[in-house]
Every structure is written in C-alpha cells, then in structure tokens.
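Structure first, then comments.
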Amino acid sequence: MKQYFLFDLDGTLTDPKVGITTCVQYALADFGIDEPDLDKLEPFIGPPLKDSFMEFYHMTEEQAEAAIAKYRERFQDTGIFENEVYPGIYDLLRTMKAAGMHMAVVSSKPTVFVERILKHFKLDSYFEVVLGSELDGTRTKKAQVIVEALRQFFGDKPIPHDEIFMIGDRKYDVEGARAFHLESVGVAYGYGSMEELKEARADYIVKSVAELKKLLMREVEEKKRMDEVHRAQQPGGAKPQSQGTKALWRVLLPYLVFMLAKGAVGIIMSIIFQSLARNPELTDYLLIQNGETVSLTGLAGILAQIVSFVVAGLMILPYARPMIRKATEEMHLTHLKQEPASNYCILALVVVAGVLGLVSLMNAMGAVNVAAGYQSIAGTPSEIPVLLGLLSFGICTPVAEELMFRGILYNGAKKFMSLKMAWVLSAIFFAYYNGYGAVMFYGLLLGLLLAYVYEYFGDFKVVVAAHVVGNLVYYLLNYTALTQINIFGWPLALVCVALTVGGMFLLARQKKVF
C-alpha cells in the first residue's frame, strides 16, 4: 500500500504559467530577444532553467546563468505569486493528510521559492518534506531532489520502494522516479503532453485532479470497503449485512437464470430433434452431406449447445453489461499504463501451454475419458461439422460463460468480499459448473487463471479472448484425436507446466494483482 507521495510543484500542484513565462520573457529581453508569445515559453515549466535557456535559445553556460539571474530579479517578488493552485488540489491534500499519508514536494525550483509559494497558498501544512534546487546551482536535477527527499524521510533505514509514488507532469519527474525504482504518476493536466509521459514510461497517467485523487486514494477506499464488510460480519452489523445479502442475490439470480435458460433450451431442442428424427427423408439428408456421414445425434447435440448458450447469454446480458461497465470504470485508474505487447504474448503462451499440459497430464493419468459428455460431442470428425464445433466451443460457450462467471459472479462477489476470496469463489463455481473429475479440475484452474487475467489486464475482452483460445485448443486436440499420440504424456506435461508457471512468473513479477 502506498504511504509516501512525492509531488512536483509546477504543473502538478499549481499552474505557474504566467509567472514563469513572463519572467523568462523578461530575461530574454535583456539579451535582445523579443518573445511576445508566452505560449512558446511553456517548455520552461518543469525542467531546470539553465538547461532550458541552453536548449531552446542556444546559450552558453555563462549566458544561461546570467539569464537565470535576470529571471530571478523579476521572479522573487512578482513572478513567484503569478501562480494559482489547480482546482481540487486542496481537497486532495486534505483527504490524503486525513488518511495519514506522508507527503513531500520535490521541485527543480529553488527551495526558498518553493517554500514561499507553498506558504503563500497555504499548502505548506500538508507536507512533511519540502525540497528544491539550491540557489548556487546545485541539486537541480529531479533525481538529486528525490534522493534527498528519500534521505529525509527514511534516513539510514531501507527505502520501501513499493510504498512510494512520484507525481509530476514532465518526463523529468518520471525519469527521476525510475532512477530509484519508484512508481510514477504522470499528470496530463500539467505542461507535459500525454505523448511525453507515455514515452517516458510513466506507470500511470491521469487527466485531471479528480482522477488523480481516485488513483491515490483507491487503496484507502478499498480498505474502508473491506472494513465495512468485516463489520457486517460482526454482531450488530445487520444493515451492512443485509446490503451484502442483497449484493449476493444480485449475483445468484443471474446464475439461476443462466442455468435454467440453458437447461430449458436444451430440453426444447432435444424434443425438436426427436420429432425431426421420425422423418426418414430428413434423417437421410442429415446423415449424408457432401458425401460424408454425419451423426444425427452429434448434430443435434452441437446445435442444442449453440442455441442454449446463445439464449442463456442473451438472458443474462442485461445483468452483465452494467456490472462489466462499472468494473471497467473502477479498473481504469489502475490500468492507465498500457500493457506491452510482450505481456499479451506471454498470456497466449500461458493459455496454450496450460491446456496442452493439462491434456497431457490427464492422458498420462488415464483421465481423459472422464469427460464423457464433452467427448461425445467433440469426438471424431465424422460426428459433427467442424465449423459448428468451432462456433459452439470457440465462440458461443466462452462468451456466455465469461458474461456469467467473470462479468457477473466475479465482479459481483468483489462487492461484498475481498479480492482474493472473490477470485477463489468464482473459480470454485466455475469448476462445479463444468462437471466432475478431471474436467472439474480443469475448470478450477481455468477459472483461477481467467479471474487473474481480468484483474491483471483490466479488460473484459482480453478475458474472453483467453477463454476462446483455451477452448479452441482443447476442442481441436480432441477433434483431431491428437491426444491419442504418444507424445501427450508425462514429458510434454512437465514441459508445458514449466512454460505455464514460467509465464505466470514473468507476468507476476511486473505487477502485483492479489
């Protein structure tokens, strides 16, 4: 949990545009440079002045120092107060201080000016550490300011890197954080562009102070929510408990609708096909298509599967859609950083290797045929058209099941229990739903993986895609009878398990989910 927050000043807490740009304009005029457009001077906000004068106006080091002296001539009494606090900052800092969070200001601006600005705008009381550069030109780099702030916070004690956020609007803030393995929050409402913050690889990017508050307070709010859940379980917690019961019912009702709809449609489809089977001409047509024999039983089963999952999915869609949308909004702030393409490749490896490993393991243990219901439909090529099998197991089944088990059950469970408990509970429901024996074990592992993927990537579409890939691999292995090959035994099982565990380790080391 984050406990320490290092804030940049200019472009993060306050908007200093008028003060900084007019003082730069004043300094440039002393060199005979007329710059009437203050917007062109915005790049001076954030980085050290010396670097900016040398970069943007090609000054020598001596000239840049002279320009800084001229800049401060106007800034120290006038420009310093041509500034304003961003709306929402006071509320943010009050809330954070009330929550017991430790805050510091780390700026490239001289410390003496930082202290005067904070005092002038009555912001000084919120910060335990206030630091900037020195008037003699030392400690101008953001990384140098950060290291001094960390020293003042922790002294000789170990630095808890995972408990610290660096918040700023420029790449210098992000780079300073990365130098000390700290997570960074880029604020796009300041003077660094979204592109600049992304290129600097900010861990999170927010577009407003309101978004920043939600991000920084999310762990505190989650703790409050869990405290309420725990209080509801104690004597005297009748009202919260009734709210939990209501939330539980909102999860179980769609599950009942899903199961009843799927079962009812299956029965109806069975009756329809039994009636059709009494027609000899239709039976002959169904049994012989394109010169190949097709099992009427297999065809009836696969069509019933498709229709039942489509109907069941549509029945629960009104429940699932708002819950998925709400979960997306809640996950948004914790998934602002775009996932690298390599993580999606690792996920694909985990899913494919996981399925191959489980199939090989079950084959080695002689447990493949436990899934009799599945095998009767996903058996040999002569039993059903392959396209219908792909449609059923590759699209209809995973989409409907994800709407129910991750979209509704998992998202709903998170409202009245901890994240870990919701993770395990949704997987247990999914395992029970899948049947018995080896398939139940497969369902449990798949349920755990898919809920983890949901939290890791924060995107429901990624979860559906992972489920689709897993189902297609499993279906095609059975459809083509590849599992009968001797290769699907202990050696392949061990290799695939190693790849799956290795892939999960690579993902987990980048981001903590539970």
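Going by C-beta contacts inside 10 Å, put T480, T500, T12, T138 in order with the fewest on the left. Before the final figure, lay out each step's value.
Numbers: T480 13, T500 22, T12 27, T138 9.
Least to most surrounded, the residues fall as T138, T480, T500, T12.
Rounded to the nearest 0.05, what FRET efficiency is calculated for Q63 and E195 with R0 set to 30 Å and r the Cβ-Cβ distance?
Once rounded, the FRET efficiency stands at 0.50.
Which lysines have a Cα lying under 27 Å from the Cα of K40, excluding residues fewer than 8 positions away in the same chain?
K17, K50, K70, K109, K141, K142, K171, K198, K207
Using a 10 Å cut-off around each Cβ, can you sort S418, S392, S275, S108 from fewest to most neighbouring Cβ atoms?
S275, S418, S392, S108
To the nearest 10 degrees, how steeply does helix 296-332 sit against the main Cα axis of the chain, on a 0 to 90 scale?
20
Among M166, M315, what is the fewest-to-most ranking by other Cβ atoms within 10 Å?
M315, M166
With a ≥ b ≥ c the root eigenvalues of the C-alpha gyration tensor of the range 128-191, is it rounded (a/c under 1.5), prolate (a/b larger than b/c) or oblate?
It comes out oblate by the Cα gyration axes.
For the chain, what class follows from the C-alpha gyration tensor (a ≥ b ≥ c being the square roots of its eigenvalues): rounded when a/c is under 1.5, otherwise prolate if a/b is larger than b/c, else oblate?
Values: a/c = 2.89, a/b = 2.41, b/c = 1.20.
The shape class here is prolate.
Suppose R0 equals 51 Å. What FRET efficiency, 1/(1 + (r/R0)^6) with r the Cβ-Cβ distance, do F121 and L317 give to the nearest 0.05?
It comes to 0.50.
Tilt of helix 17-29 relative to the longest C-alpha principal axis of the chain, in degrees (0 to 90, nearest 10)?
It works out to around 50 degrees.
Around I395, what is the net charge, scoring Lys/Arg as +1 and Asp/Glu as -1 over all other residues with Cβ under 13 Å from its Cβ?
Surrounding charge for I395 is -2.
Does the range 1-130 come out rounded, prolate or oblate by the C-alpha gyration tensor, with a ≥ b ≥ c the root eigenvalues, rounded set by a/c under 1.5 and, if not, prolate when a/b is larger than b/c and oblate if not? Kindly include the intermediate steps, with their values, before the conclusion.
Values: a/c = 2.50, a/b = 2.19, b/c = 1.14.
Judged from the Cα gyration tensor, the range 1-130 comes out prolate (a/c at least 1.5, a/b above b/c).
Exposed loop trypsin sites (Lys or Arg not before Pro) only (DSSP loop, at most 13 other Cβ atoms within 10 Å): please give the longest stretch of the chain free of them, not including the sites.
Between the exposed loop sites, the longest stretch runs 279-511.
Cα to Cα, under 12 Å, and not fewer than 8 places away if on the same chain: which aspartates and glutamates meet these conditions relative to K2?
Partners within reach: D162, E163, E183, E219.
Taking the DSSP beta bridges in the chain as the whole, what percent of them are antiparallel, to the nearest 5?
Restricted to the chain, the bridges split so that about 15 percent are antiparallel.
Can you give the percent of C-alpha pairs in the range 17-81 whose distance is more than 19 Å?
18
So which aspartates and glutamates can K157 reach, going by Cα to Cα under 13 Å and dropping same-chain residues fewer than 8 places off?
Within reach: none.
Since every read-out is calculated from the coordinates, none of them should be taken as a lab result. All values derive from a computational prediction rather than experimental measurement. Cβ: placed from backbone, ideal geometry, glycine included. Neighbour counts: every protein chain shown.
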